[in-house]
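Inspection log for the structure reproduced underneath, given as structure tokens.
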Amino acid sequence: MTVVTTRTDRAAPAATSRGGESSGDTKAPVRRLRVAHVTANFADGSGGIMLREALALDREKYSSTILAPEDGALFERAEDAGLKVIRLSKMGRGRRVYPWADVEALRELSAHLRAGEFDLVHTHAGRAGALGRVAADRVGGCAIVHTLHGFPFNEFQSPVVRRALLAVERRLGRITDHFITDGTFVASEAVRLKIAPPDRVRAVITPIDAVPPVSEEARREGRILGIPAEAKVIGTAARLVLQKSPLDMVKAVAALQRPDVYMVWLGDGDLRAETERLIEKEGISDRFLLFGTRDDVPRLLPAFDVFAMSSLWEGLPCSVVEAMTCGIPVVATAVNSVPEVVISGKTGLVARPGDPVSLSRALAHMLDHPAEAARMAAAARIHIGEQFRSDLLGQELTQVYEMALVFASIGVAGAAAGSR
């Protein structure tokens, strides 16, 4: 896929320019700004964040349309909330690049953006971020905002792959009017790596869905999974994919060598078969339980004694924030913006990514020191409550969109990137 590095026909309207005026003194009503929200994952994670953002916008000022792969689990929720949706048949959820498929996805997306006459296109994450921004740039006449949920490159890739992906992100930055990031670490890294200019990026903390706090009643209800009442439970909610590193979690739990500890994994993915084989090999099939995709995760969270995350890379994972809000002690790998919320020894424990021994040690500490774990969980609830305020999200997005529209109207994004 060719990445466009110059902007042609990109003059976007100011916030009220497409409302129009009639002759004389009578002004026509201002049309709502049309916003296209584009993602390759409308089932969880970044898809949930995108949905909450679309719902947070003022309906009197903005008309939002969701564009996502047709298998997205959140379409019904979006439609019930009154949002317009477009189900994409060509865009896949994977991270790998398939040139022939991506060309088809780009054509499909470009056609929808052209037909929708959008004022602003807001893309999310890797594949949709690349295809969406290129499509919007080709269509023209709109501002482009991109949310970085972490980065498509990481330390576990080969240097050649990392350099190539970084180069692509830098080039895409030249057609991006404004960036949003999950947390301040991702924002600072985007500037440091010359992906985003310092005046075109903003860290926006997206609030999560409401989850019940831990209580004995909630704990009993969460144990519907058939786990013994006296067992200690480590749990997580994540896809079984390379990014989430489920094999590291299997090895970490096995290393505990504690028959009283159960592990519950909520989520599915293409690594399920390999994960099952390793679970059997480690001899923990009776207590490392894969329950697949669930729609009642908030209800099940209180059943966990410790919430664990083994990811190799992340932005700011919603599952960790939900666990903290619920009052569950958290152990997570120290990747990207995670340490902003999981402050080591204060609001949780961090482990070295890609290191099952480090993860196992952190889990053992939480299990062996329940009073210490409870102290960290209580501190985490306070910390999260101060940051994840739903009343600020719409206001912050509006400010970003207004700036992006201004930058697009004067064509400054390419000029800003040209100084790199």
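Taking Val30, Val35, Val201, Val161 and ordering them by how much accessible surface each has at a 1.4 Å probe, largest first, produces Val30, Val161, Val201, Val35.
The portion of the accessible surface of segment 103-153 made up by carbon and sulfur, rounded to a whole percent, is 52 (1.4 Å probe; DNA, RNA and ligands excluded).
Dividing the C-alpha radius of gyration of segment 270-420 by 2.2 N^0.38 Å, with N its residue count, gives 1.34. When you count the other C-beta atoms within 10 angstrom of each residue and take the mean per peptide, 240-247, 58-65, 395-402, 329-336 line up highest first as 329-336, 240-247, 395-402, 58-65.
Each label was represented as a point 7 Å from its Cα along the Cα-to-Cβ direction; for Ile343 and Ile382 these points are 1.0 nm apart. Taking 0.36 nm per residue of sequence separation and removing the Cα-Cα distance, the Arg352/Ala374 pair yields an extension gain of 5.7 nm. Only alpha carbons enter this Debye calculation for segment 147-204, each as an equal point scatterer, and the log10 of I(q)/I(0) it gives at q = 0.25 Å⁻¹ is -1.01. Protection proxy ranking, highest mean first, for peptides 129-137, 227-235: 129-137, 227-235, where packing is the per-residue count of other beta-carbon atoms within 10 Å, averaged.
Label-to-label distance, Arg107 versus Thr184, with points set 7 angstrom from Cα along the beta-carbon direction: 4.7 nm.
Projected label points at Val161 and Ala115, each 7 Å from Cα along the beta carbon direction, are separated by 3.6 nanometres. The peptide list 314-326, 344-356, 43-55, put in order of mean Cβ contacts within 10 Å with the highest first, becomes 314-326, 43-55, 344-356.
The values are calculated or read from the model by the stated rules, or taken from the named source; none is laboratory data. Quick caveat: nothing in here was measured; it's all calculated off a predicted structure. Virtual Cβ from ideal backbone geometry, glycine too; neighbours counted across all protein chains shown. Areas reflect the complete protein model, heavy atoms only, side chains present, ligands, DNA and RNA absent. Shrake-Rupley method; radii C 1.70, N 1.55, O 1.52, S 1.80 Å.
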